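Notes follow once the structure below has been shown.
The values are calculated or read from the model by the stated rules, or taken from the named source; none is laboratory data. For clarity, every value in this text was computed on a predicted model and none was experimentally measured. Glycine gets a Cβ as well: all are built from the backbone with ideal geometry, and neighbour counts include every protein chain shown.
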Amino acid sequence: MFLHYLVSELSLNQQDQTESTLDEIFEGYLKSPKLFKRRDVLDSSFVPENLPHRTDQIKQLGYILASVLRGAKPSNILCFGKTGTGKTAVSKYVLNILSKKAPQEGFRIEVAYLNCNSVDTNYRVFADLCSTLGIEVPFTGLATDEVFSRFKSGLDQRDSLFIVVLDEIDSLIKKSGNETLYNLTRINADLTRAKVSLIGISNDLKFKEYLDPRVLSSLSEEEIVFKPYEAPEITDILVERAQIAFQEETLSEGVINMIAAIAAQEHGDARRAIDLLRVSAEITEREGKKVIGQDHVKKAQGAIERNTITEVISTLPLQSKMVILAIHLLEYQIGNSESVSTGDVYEEYARICKETGMDSLTQRRVGDLINELDALGVITARVVSRGRHGRTKEIRFSIPKSLVDSILREDKMLSSNIEW
């Protein structure tokens, strides 16, 4: 009884201390200088009224989509370019203006935007498209063909042009194959009133190599290429955003140029440059300072570069790391041009377990671990048919192999028992 009383008192004291600490943090934040006028301006989803240095791409996309204003279905479009080069922002910008202009000419257009990093299965794509049209579809439980049929039927009742934007489209193709794109490129033959047009956005310039010849022939796309931003261009983008986002006299001299130089040298990624500016401001606020300095930029750069995947892999259970090691060693043996199968991975995993003296899991459980790694974004596991030999998964890393290697070597258990 007395022990129970002590535990209760200790728990209450810890709770009081935690609440007191949080109260101090919140009060300190409220008393600190307010740097932001509009924090949302530095969010990745924000689409500004002006997009510097993307006039050519805006015009090109506008010319292709202009046929909508005469009731025609525009060509399908593929936008290529590295991350942060304005592909998504330009697409949303042009479609926003087109959506306002088309009704004035007596035409109805609807737009569905899907990010295929999260909507990465055929079922979820058509379920989300149904949701855009107000068609109820359960999260799971129906055949994909049934969901597609409901989408097609609901769409043809609306007498409109339906523009589907598939951002990170390569993620969908690599994980779930060509079926979704095939159905969407052929759907117009089955529609009598509505029409569908596609805009695919990809960071992978080799994206078309993953496509089935049937899809390529029916896609009939036009391509728009987005080159990486250079330092002066990133500077212009940051200046415009900063003027809207921050209070007056918030930035010290040289901060914008420093961020632009870092972004241009490393990646030419405007999105990452904007993130760096936002995190710099957040660190400045936490410190109670009124002006963002270059030291805050350096701190922000360190915080952002703590790679999330590194943290995820480092904290995985040992068995999951051994599966990753098995994939890594197999890819090293066969080279970068080929993927590995689940059967190969299990055999290599079992060999590693034997060398380290650990009990191995069943092949089914290893399959579950592979699915978990796929869900985390560490690997891509794509189901393929091998005819009479059944189905298997082709597995590749979704992250640099050098990063995988360095993380695994830091694990004492693996590094001390495995011949690399």
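Some points to look at:
- Test: LEU142 is over 23 Å from the mean Cα position of the chain (by Cα), part of a loop (DSSP other than H, G, I, E, B) and among the aliphatic types (A, V, I, L, M): yes
- Helices (runs of 4 or more DSSP H) wholly inside region 36-137 containing at least 3 residues that are surrounded by 13 or more Cβ atoms within 10 Å (Cβ to Cβ), of a type outside the set (A, V, I, L, M, F, W, C) and in contact (Cβ under 8 Å) with a residue 60 or more places away in the chain: 87-101
- Residue check for THR380: in a strand (DSSP E or B), outside the structural domain of LYS174 (by TED's automatic domain parsing), surrounded by 13 or more Cβ atoms within 10 Å (Cβ to Cβ) and modelled with pLDDT under 80: no
- Any chance SER160 is exposed (fewer than 14 other Cβ atoms within 10 Å of the Cβ) and not assigned by TED's automatic domain parsing to the domain that holds ALA381: no
- Condition check for ILE292: modelled with pLDDT of 90 or more and not assigned by TED's automatic domain parsing to the domain that holds PHE246: no
- In region 309-325, the residues that are of a type in the set (D, E, K, R) form Cβ pairs under 8 Å with partners that are assigned to a helix (DSSP H, G or I), at six or more places apart or across chains, as follows: LYS321/ILE313; LYS321/LEU408; LYS321/LEU414.
- Restricting region 157-201 to residues that are basic (Lys, Arg) and over 26 Å from THR83 (Cα atoms), the residue that is modelled with the highest pLDDT is LYS195.
- For SER171: the one exception among (1) over 24 Å from ASP374 (Cα atoms); (2) in contact (Cβ under 8 Å) with a residue 40 or more places away in the chain; (3) not charged (D, E, K, R): (1)
- Checking LEU216 against (1) crowded, with 18+ Cβ neighbours inside 10 Å; (2) free of Cβ contacts under 8 Å to residues at least 24 places away in the same chain; (3) of a type in the set (A, V, I, L, M), the condition it does not meet: (1)
- Just one residue in the set ILE327, ILE352 is over 25 Å from TYR210 (Cβ atoms), assigned by TED's automatic domain parsing to the domain that holds VAL383, buried (at least 18 other Cβ atoms within 10 Å of the Cβ) and of a type outside the set (Gly, Ala, Ser); that residue is ILE352.
- Hits in region 12-35 (condition: in a loop (DSSP other than H, G, I, E, B) and either at positive phi or modelled with pLDDT under 80 (or both)): SER32, PRO33
- Qualifying position, being over 24 Å from GLY28 (Cβ atoms), outside the structural domain of GLU394 (by TED's automatic domain parsing), out of contact with any Lys or Arg (no Cβ under 8 Å at 6 or more places or on another chain) and surrounded by 19 or more Cβ atoms within 10 Å (Cβ to Cβ), among ALA263, ALA270, ALA281: ALA270
- Residue match in region 366-374 (condition: farther than 26 Å from VAL119 by Cβ and either modelled with pLDDT under 85 or surrounded by 20 or more Cβ atoms within 10 Å (Cβ to Cβ) (or both)): yes
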